[in-house]
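Accompanying notes for the structure given below.
The values are calculated or read from the model by the stated rules, or taken from the named source; none is laboratory data. Everything quoted here is computed from the prediction, not taken from an experiment. Note that we place each Cβ from the backbone using ideal geometry, even for glycine, and neighbour counts take in every protein chain shown. For the accessible areas, the whole protein counts, side chains as well, though only heavy atoms, and no ligand, DNA or RNA atoms are used. Shrake-Rupley method; radii C 1.70, N 1.55, O 1.52, S 1.80 Å.
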Amino acid sequence: MAEFWNGYLLPGILILAQILVLVVPLLLAVAYLTLMERKVLAAMQLRMGPNVVGPFGLFQPWADAVKLMFKEPILPTGANKVVFVIAPMITFILALIAWAVIPLGTGLVIANINVGILYLFAISSLGVYGIIMAGWASNSRYAFLGALRSSAQMVSYEVSMGFVIITVLLLVGSLNLGHIVEAQHGGFWKWHWVPLFPMFIVFFISALAETNRHPFDLPEAEAELVAGYQVEYSSMSFALFFLGEYANMILMSAMTAILFMGGWLPPFEFGPTAGVLGALWGFFWFFLKIFVLLFVFIWIRATLPRYRYDQLMRIGWKVFLPLSLIYLVIVAGFVTYWPR
Amino acid sequence: MFVAKDLAPLVPELFVAVSAMVLLLYGVFAKGNPTRTVVWASVLVLVVALVLVWQVPAGRQAVLSGMFVTDSFTAVMKSLVLIGSAVSLVLSVGFIRQEEMERFEFPVLLLLATVGMMMMVSANDLISLYVGLELQSLALYVVAAFRRDSERSTEAGLKYFVLGALSSGMLLYGASLIYGFAGSTNFTDLAKLFAGGHGHVSVGLVVGIVFLAAGLAFKVSAVPFHMWTPDVYEGAPTAVTAFFASAPKVAAMALFVRAIISPFGALVAEWQQIIILLAGASMLLGAFAAIWQKNIKRLMAYSSIGHVGFALVGLAAGTSEGVRGVVVYMAVYLAMTLGTFACILAMRQKNGLVEGIDDLAGLARTQPGMAFALAVFMFSLAGVPPLAGFFGKFYVFMAAINAKLYVLSVIGVLSSVVGAFYYLRIVKIMYFDAPGEPFLHPMPRELGVVAAVASLFTLLFVVFPMPILNGAAMAAKALFP
Amino acid sequence: MIVQAIAFYLFAAVTVGSAFLVITAKNPVHSVLFLILAFFNAAALFVLMGAEFIAMILVIVYVGAVAVLFLFVVMMLDINFVELRQGFQQYLPFGLLIGAILLVELILILAGSIAAPDALAPAASPAPSLDQVTNTHALGAVLYTKYIYLFQGAGLVLLVAMIGAIVLTHRKREGVKKQDSFAQFARRREEAVELKKVEPGQGIQ
């Protein structure tokens, strides 16, 4: 019995607790990210934004959640029921399980696996299934068109993202996310965005495309596809897509922060490095970086018009892919002939 | 680990592969239609590669962790492959211009297929065998469907692709069984394992060899894995058919011989019956099924099935003499096939190419030169002495008789008698039937040259057989250390 | 260890089950989705074996890219399955017979000699322990040295596949307007806009 308790139950409970500690704040962050987006957009467009529910509209996300929960879930008659229901779940689950390998500080990670970055890449490449399944199962032309666009777009941008990740891998020599962050020790000029500046830009733009955000939000283009793959969804199934999209934004920001902006490392070597204080200090910087990147996401949405589909494909295949390939060769040359 | 020295035997392959990529880039960026330039440049590349093949370090060299081997067998077979590819390219020059196939990817794909064939010939490991085979096959599937607006061409490509994928599956299954039961994929290691014939051979290994042989038999189109051949030969553009019938056949046969003899040479008793069956069935089917053909490309397909059967007789003997027979046979077969296709490609009337056998009627009166050349090839294909085809058959049957394969030899002789019927029928149609619509007169110069050289080779083989015979003997010796 | 065992049987069972559903599902899209599920569970089995790199690559390449395009095509195809299955009944007994014969033969052969006594002992080839070398390092160390020939050969195969796909599908269409972004950027204000002074009631000449 003791063996069962020590060997299985205790670690099980521990892991469960870790997951809850990570996921609950994450969902809160997602909820307030929607509010932040509306507020920032409003500010940029000289409006007030939501300000009725609670002080400064702070309870708006809760109101939205309650509203969505009480809406009627609609299953279209022509829909492929099982796939239709599974699709939003897949989107949402994928957005959450990726966080298992994101390190929040030295050793502060649920699963410290050797191929962490590949895991993230794999999970983000699966994101397309939620969309394509939703589009097909809806049995609607708009939804299907959105799904087709989305799958082509995500597959195209994954290619150059993969090459960007390889350049980081070449500099670090490990696929472990913790090692990647630690390799950037020593102030913000040691972060990877300096040697890999073009790749940093490529990665961020690809992240926009991977999350189907503006200016690459063709899959859901309200103007032409009336919200694309989401058009037939309502109630909580719609809410899951919505939450998934925003969770993916946070995930992509976290990835960018880890790969190029030193993760939890402060920009100058100061402040506590060990103990609880050190962990909190690390949290602070990590969250600040994610926050800044999310702000850029929203800023871009407020600023740029939507790309045309052929322009999107041209950038992906004719600009980013050759650029990242060439840069990969250059980085490999530097690593070989000027080892650190 | 590899070093520069390891790459020396690889120079011809590297040269062809790099040139193919350079030509691809040139084709993409050149102004206008670069096809003609790329075709002739590709021919030049193949000729240079032919020189390079004989410049690699002499003797047996197994490099790159034993996956790639060069010896006199590979040198001879690669030379045949390169000649086959280069001549097919020359034959295709006029064809691709007239049939709206003039795109620079065609020669580039042929070059890459040639790299695959050279890799096949030099394979010394089941994995490198597979990689080379796939490189060649994939390029062939594409060129079979190259005229993508023609239904027949796309059908041929698709059929070839689907059946080719199936045969690759069989081959891989056999290879994995062999690996599982023997513990190595390397031919040299396998040969060491079986040398001396100690211990029993597990049944699983034999099944593996059977599957491997089935996969390879598909690639050389031996009965009962021949079904794709007539349809693909008929459907593919004629210049592509000429290519299919020449270089890939030689390469696949070389691969067949090496993959059977080199690792499993000591297990003759286990695989001999398979090869005997393949050879006998191919000879018989090649002889009988061709009788009723009206389309000359289809006829050549059945003819090639039959000739593969004859060549396999040499392999069935399992001796050095037999392998020498195979090499001689493939050299002779290459010359006859290329010459025949040079004539077929010249069968152009006002409304385009024709492929019916009856269209040859009275050719002797309208174009005596072409008729004579075609007659020489037909006599030689039938195995009439003293033409080259006779000697090809002679050496394989000698080997078979020395290996006491009497039944197989009798089947071979009988089926060549039957085969002679339809070859001679063509000669009869050309010389004794009333002429129909004549072909557009002058045979294009490159076709004429190829036909003339090939018919000279076929005619004069009896006078100067020694270079070929010595080369073949040298090649065969390399497989039996 | 019991957790690993349970996980193994779970993933293995799902893999086999979904593989079976791939060939029996009525709807082709469902078939592809089950195929993806099978890939996914195969990746999980790789993780259980300690082959984490292969597992991730399996997910990224097969699930993330190949299967997406496959699904893409299958969704767009308009296949009438009733028609497709018409010949099926007719050939079923024949196919089953051949399959059964082959299966029996293979079982007879393999059952008699599972342990190959004359094998060259491939297991003896030294595989470093998982705690010393990561998967990625171990693969990288042989892939670009010992197996460089096969690696480059496979690269050539992919090149041929790419050329083939382009040759067989790419068509130059005439009369299609193409965007020339350099020309757009190079355009100056003077070429595009002309300022005119418009007098009241006159209009532009």
**Q.** Total residues in the stretch A:132-146, condition open to solvent by less than 10 Å² (accessible area, probe 1.4 Å) and either farther than 9 Å from A:Y229 by Cβ or more than 8 Å from every other protein chain (Cβ to nearest Cβ) (or both)
**A.** 6
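To keep it simple, each residue is scored yes or no on (1) closer than 30 Å to A:N80 by Cα; (2) open to solvent by less than 70 Å² (accessible area, probe 1.4 Å).
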| site | (1), (2) |
| --- | --- |
| A:S235 | yes, yes |
| A:G244 | yes, yes |
| A:M249 | yes, yes |
| A:I258 | no, yes |
| A:I315 | no, yes |
| A:I326 | no, no |
| A:P339 | no, no |
Q. With respect to the numbered conditions (1) surrounded by fewer than 24 Cβ atoms within 10 Å (Cβ to Cβ); (2) of a type outside the set (S, T, N, Q); (3) more than 11 Å from chain C (Cβ to nearest Cβ), which one is the sole condition not fulfilled by B:Y130?
A. (3)
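Checking the condition acidic (D, E), part of a helix (DSSP H, G or I) and either exposed (fewer than 12 other Cβ atoms within 10 Å of the Cβ) or over 24 Å from the mean Cα position of the chain (by Cα) (or both), which residue from C:E174, C:E190 passes? Let's see the steps before the verdict.
Working: C:E174 fails: part of a helix (DSSP H, G or I).
Residue meeting the stated conditions: C:E190.
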Q. Quick one: is B:R103 surrounded by fewer than 24 Cβ atoms within 10 Å (Cβ to Cβ) and in a loop (DSSP other than H, G, I, E, B)?
A. yes
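Residue-by-condition table, conditions (1) open to solvent by less than 10 Å² (accessible area, probe 1.4 Å); (2) out of contact with any Phe, Trp or Tyr (no Cβ under 7 Å at 6 or more places or on another chain):
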{"residue": "B:M227", "(1), (2)": "no, yes"}
{"residue": "B:A247", "(1), (2)": "yes, yes"}
{"residue": "B:V250", "(1), (2)": "yes, yes"}
{"residue": "B:A269", "(1), (2)": "no, yes"}
{"residue": "B:L277", "(1), (2)": "no, yes"}
{"residue": "B:I291", "(1), (2)": "no, no"}
{"residue": "B:Y302", "(1), (2)": "no, yes"}
Q.
Testing A:L120 on (1) within 12 Å of another protein chain (Cβ to nearest Cβ); (2) within 30 Å of C:M56 (Cβ to Cβ); (3) open to solvent by 30 Å² or more (accessible area, probe 1.4 Å), one condition comes back false. Which one is that?
A. (3)
Q. Within the bounds of the stretch A:7-28, is there any residue that is at positive phi and not charged (D, E, K, R)?
A. no
Q | Residue under evaluation B:E234, criteria (1) open to solvent by less than 30 Å² (accessible area, probe 1.4 Å); (2) under 30 Å from B:Q98 (Cβ atoms), criterion not met | A | (1)
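A quick yes/no check of all residues on (1) closer than 30 Å to B:D189 by Cβ; (2) open to solvent by 20 Å² or more (accessible area, probe 1.4 Å):
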{"position": "B:L25", "(1), (2)": "no, yes"}
{"position": "B:T35", "(1), (2)": "no, no"}
{"position": "B:W40", "(1), (2)": "no, yes"}
{"position": "B:L46", "(1), (2)": "no, no"}
{"position": "B:L50", "(1), (2)": "no, yes"}
{"position": "B:W54", "(1), (2)": "yes, yes"}
{"position": "B:A58", "(1), (2)": "yes, yes"}
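To keep it simple, each residue is scored yes or no on (1) closer than 30 Å to B:G94 by Cα; (2) of a type in the set (G, A, S); (3) open to solvent by less than 80 Å² (accessible area, probe 1.4 Å); (4) free of Cβ contacts under 8 Å to residues at least 12 places away in the same chain.
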site: B:A388; (1), (2), (3), (4): yes, yes, yes, no
site: B:F394; (1), (2), (3), (4): no, no, no, yes
site: B:N402; (1), (2), (3), (4): no, no, no, no
site: B:L405; (1), (2), (3), (4): no, no, yes, no
site: B:V410; (1), (2), (3), (4): no, no, no, yes
site: B:I426; (1), (2), (3), (4): yes, no, yes, no
site: B:M430; (1), (2), (3), (4): yes, no, yes, no
site: B:P435; (1), (2), (3), (4): yes, no, yes, no
site: B:T458; (1), (2), (3), (4): yes, no, yes, no
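Let's see how each residue does on (1) away from chain C (no Cβ under 12 Å); (2) in contact with a helix residue (DSSP H, G or I) (Cβ under 6 Å, 6 or more places away or on another chain); (3) without any contact (Cβ under 8 Å) to a residue 24 or more places away in the chain:
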position	(1), (2), (3)
B:L138	no, yes, yes
B:A144	no, yes, no
B:L158	no, no, yes
B:F161	no, yes, yes
B:L172	yes, no, no
B:A175	yes, yes, no
B:G180	no, no, no
B:T188	no, no, no
B:F194	no, yes, no
Q: Only residues that are surrounded by fewer than 20 Cβ atoms within 10 Å (Cβ to Cβ) and among the aliphatic types (A, V, I, L, M): list them for the stretch B:60-89, please.
A: B:A62
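In this structure, is C:L77 at pLDDT below 80 and within 13 Å of chain A (Cβ to nearest Cβ)? Walk me through it before giving the result.
Working: at pLDDT below 80: yes; within 13 Å of chain A (Cβ to nearest Cβ): yes.
Yes.
Among residues belonging to the stretch B:1-51 that are in contact with a Gly (Cβ under 9 Å, 6 or more places away or on another chain) and in a helix (DSSP H, G or I), point out the one that is nearest to B:L64 (Cα to Cα).
Filtering the stretch B:1-51 for residues in contact with a Gly (Cβ under 9 Å, 6 or more places away or on another chain) gives B:34-35, B:37-38.
Checking which are in a helix (DSSP H, G or I) leaves us with B:35, B:37-38.
Details: B:T35: 35, B:T37: 35, B:V38: 31 Å.
Ranking the qualifying residues of the stretch B:1-51, first place goes to B:V38.
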**Q.** Of the criteria (1) over 18 Å from B:V257 (Cβ atoms); (2) in contact (Cβ under 8 Å) with a residue 40 or more places away in the chain; (3) not polar (S, T, N, Q), which one B:L109 fails
**A.** (2)
Q) Before we move on, is C:A123 out of contact with any helix residue (DSSP H, G or I) (no Cβ under 6 Å at 6 or more places or on another chain) and either within 14 Å of chain B (Cβ to nearest Cβ) or modelled with pLDDT of 80 or more (or both)? A) yes
Q | Criterion (of a type outside the set (F, W, Y), open to solvent by 20 Å² or more (accessible area, probe 1.4 Å), in a helix (DSSP H, G or I) and within 13 Å of chain C (Cβ to nearest Cβ)) met by exactly one of A:V82, A:V66 | A | A:V82
